[in-house]
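Derivation of every value follows stated rules applied to the coordinates shown; laboratory data play no part. Computed from a predicted structure; not experimentally measured. In this analysis, Cβ positions are derived from the backbone assuming ideal geometry, glycine residues included, and neighbour counts consider all displayed protein chains.
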Amino acid sequence: MPDNNLRQRLGTELLGTAILVFVGVGAVPATLILNGSAPMTMADLGMISFAFAAAVIGTAYALGPISGNHINPAVTIGLAVSGKFPWAQVPGYLAAQLAGALLGAGAILGVLGSKASDLGLGIAAYGPGVGTAQAFTAEFIGTFILVLTVFGATHRKAAAGFAGIAIGLAVFAVIIPIAPATGASINPARTVGPMLIQQLAGGQVQFSQLPIYVLAELSAGVLAGLTFLALSRSNADQPTAAPATAPTAAPTAKG
């Protein structure tokens, strides 16, 4: 059976990213609405983390066979830098992911109404007292762990059928320590989409923080891809050279 065409793959990336943002990011204002004046607890953070993880796992199995379910520019860039994804398709994937993030953030407003915007729409922002260096470090580490997990879980030696679960659990785990510092975006599309929709809705957005998020996330994706490539490369990943033969032997070729 032929592979799905590029239009189908881009549509799948758009849909998958929209689902991730709607479910994961949407869980933040939903929790705040239900809590009322009560402060957010670790249990609340756990449920938000689980929402992100569930969205990743669900889309991985539902949409992964079509587009690979990158749904994250850091993953796409990491794969391209490591030679596992064609650079020619990178712009289309990034555009589809950003469009999906916008769609997902807009859907949050459609479902939860203006209260979602009043409560921040779940946009990523520095926590109290967090500076630029700390925010960069948090997003870099979180994204690095996520992208490294993607590479390992989808490697040819990995146990078949468990990639979606492994990646989803990595998302769940990473959000817990990173969220207090930056909201644990670990995804440039998830960062940008809700910010733009929040701006259109008249909410407050710290656009001065955006470059730090994007730079940390994309650079982490690149380093994670190259790191896994360096650690995992073996003889089986190298081109097979024809064996040397004695001058009197007939030359042979292997396909």
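So here's what we get for this one:
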item	result
Lys/Arg +1, Asp/Glu -1 at C-beta; the chain dipole; positive extreme among A38, G106, L20	L20
Distance between modelled label sites at F207 and Q134, nm, 7 Å Cα→Cβ extension	2.6 nm
Distance between region 186-239 and region 47-99 - C-alpha centres, whole angstrom	11 Å
For the chain: relative contact order, % (alpha-carbon pairs under 8 angstrom, 6 or more apart)	27 percent
Cα-Cα separations in the chain greater than 34 Å, expressed as whole percent	20 percent
Among 65-75, 170-180, the order from most to least packed when residues are scored by Cβ within 10 Å on average	65-75, 170-180
For the chain, built as a Gaussian network whose Cα springs stay under 10 Å, the top-fluctuating residue of K84, K115, K157	K157
Highest-first arrangement of 121-127, 105-111, 31-37, where packing means the average Cβ count within 10 Å	121-127, 105-111, 31-37
Kyte-Doolittle mean at least 0.5 and Cα axial length at least 27 Å: DSSP H helices in the chain	42-67, 90-112, 132-153, 163-182, 210-232
Gain upon complete extension [R233, M42; 0.36 nm per residue less C-alpha separation]	64.8 nm
